[in-house]
1. Within the set of pairs 6 or more residues apart or between chains, which connect a residue that is among the small types (Gly, Ala, Ser) inside segment 138-160 to a residue that is surrounded by fewer than 16 Cβ atoms within 10 Å (Cβ to Cβ) with Cβ atoms less than 8 Å apart?
2. Filter segment 245-277 down to residues that are charged (D, E, K, R) and in a strand (DSSP E or B) and give me whichever is surrounded by the most Cβ atoms within 10 Å (Cβ to Cβ).
3. Restricting to segment 109-146, name every residue that is among the acidic types (Asp, Glu) and closer than 30 Å to Thr337 by Cα.
4. What number of residues within segment 82-120 satisfy the criterion of being among the polar types (S, T, N, Q) and either outside the structural domain of Phe363 (by TED's automatic domain parsing) or touching a strand residue (DSSP E or B) at 6+ places or on another chain (Cβ under 9 Å) (or both)?
5. Taking segment 179-202 as the search range and keeping residues that are exposed (fewer than 15 other Cβ atoms within 10 Å of the Cβ) and among the polar types (S, T, N, Q), which one is farthest from Arg309 (Cα to Cα)?
6. Collect the residues in segment 297-310 that are over 31 Å from the mean Cα position of the chain (by Cα) and part of a loop (DSSP other than H, G, I, E, B), keeping them in residue-number order.
7. Condition first: part of a helix (DSSP H, G or I) and crowded, with 16+ Cβ neighbours inside 10 Å. Can you find one or more residues in segment 203-223 that meet it?
8. Asp88 fails exactly one of the following numbered conditions: (1) at pLDDT below 95; (2) in contact with a Cys (Cβ under 8 Å, 6 or more places away or on another chain). What is the number of that condition?
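The values are calculated or read from the model by the stated rules, or taken from the named source; none is laboratory data. The model shown is predicted, which means the values in this text are computed figures rather than measured ones. Positions of Cβ are backbone-derived with ideal geometry, glycine not excepted, and every protein chain shown enters the neighbour counts.
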Amino acid sequence: MAYNIVSVPNNGGAPEQSYKNLQAAGACVEKPFSEMFKFEVPSLMVGTLDSLMNLSDELGRTDQIVESVVRKIEKTHQELSLLTKRTDTALTVGGVPPTRYIQQFAWDYAKYPNRRPLKELVQLISGGVAAVDEELKQLGTGYAEKVASLSDAMRRKNGNLLVTDLNNILKPQDMSKVNVHDTDYLLTIFIAVPKVLEDSFVKEVKSGKLGEDIAGYGGPDWSRNGSDLGRAVNFGKDVDRRATSGSPIVPDTLRLVKEDDDSVLYVVTILKGQIEPGTVEGGQFVAGSTVDFVEEFVRACKEKRFVVRDFKYDPAQAGKSAMLMEQMQVEVEGMKTGLTRWCRTHYGEAFVAWMHIKVIRVFVESVLRYGLPVDFTAVLYKAIRNKEADLIQSLDNAYGKNDLDNDDDKENEEYHEFVLLTFEP
């Protein structure tokens, strides 16, 4: 639904006559191209010609920015309405539909004093809209993050063994199959495996291939001289623990814990790490560094697409997770309701600002076009569907059109002998 704000010079005549001429040009029985409404343009401060020309360029950009904020609020409200499946929450401007507000537009002198310099007035309007835009960004980001957290929690709750919270699905009878170790030297690890990789996983574990280069099993070689057995020979820096390497998995600790349609959950117990041999330097013993096997083992599993689950069994955690999920759902619903209410409140504020920017544009363009003293009449046309081109053509015929849209000057083909602003609310 297109609206056109049109202003024409009075040329010293009465505004009423200009109004009648505009009506005859496109909103009468002979030319029923639109509905026409009076459009109030208040007496604003003119300033200098240079300031008006500079402001004219700025107003076009400001118009686009303010409209973009209006559209953002509309889009956000529409998306929220679809989620709640409510159709009784249409956006309004001051309690009336936007089209009705446009057709009955009146300048808000209390909010936007017309005797302030135009540049200050534009800054006042754009500053208020910028604050609305920033608040919408913050609220929208907070809501999106909360929805994402809830979706992630739902995914973990309803997903397969690769992603779900294991405390929600593992029962005491499942855990009775498992000896869980978490000591200075041993750690039991839960590994989720896609079913298509189960045979490969079991084979790698039992053959010692999984993480086969992580643990160092090298040490003093007593096999060549039995008389040195147990004696401190070839210790310290002379020993290469990595000369013989293997998997940190403790043999015969593989157990199947749970399975679903897509995946299986196993446990294995691994060595947590090892201490490298110490050395004696300057008569002082220097302890060897500790090598962590856990991180390297997790990396080795990841390379094979086996998922190590960071999990500690807690029978009470399932109830805690359910309560947390319920709390998150309540929070999301609360934020959704609050954001919907915010959109309904601030949409009108942004829309009012948008219309006032358009009024200022009409005023500035009219003064630049028709000169001083200020003497023009503006109206609002609500074009009938598919009659927009007929309306503009009729106005061109009524007010004349410079023959500038020839092949040598295409950039001027949209020029009219009147001020025209077209927009769609």
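1. Ala153/Leu324
2. By that ranking, first place goes to Lys258.
3. Once the filter is applied, which keeps residues that are among the acidic types (Asp, Glu) and closer than 30 Å to Thr337 by Cα, segment 109-146 yields Asp133, Glu134, Glu135, Glu145.
4. Number of matching residues: 3.
5. Filtering segment 179-202 for residues that are exposed (fewer than 15 other Cβ atoms within 10 Å of the Cβ) and among the polar types (S, T, N, Q), the one farthest from Arg309 (Cα to Cα) comes out as Thr183.
6. Lys304, Phe306
7. Among the residues of segment 203-223, at least one is part of a helix (DSSP H, G or I) and crowded, with 16+ Cβ neighbours inside 10 Å, which makes the answer yes.
8. (2)
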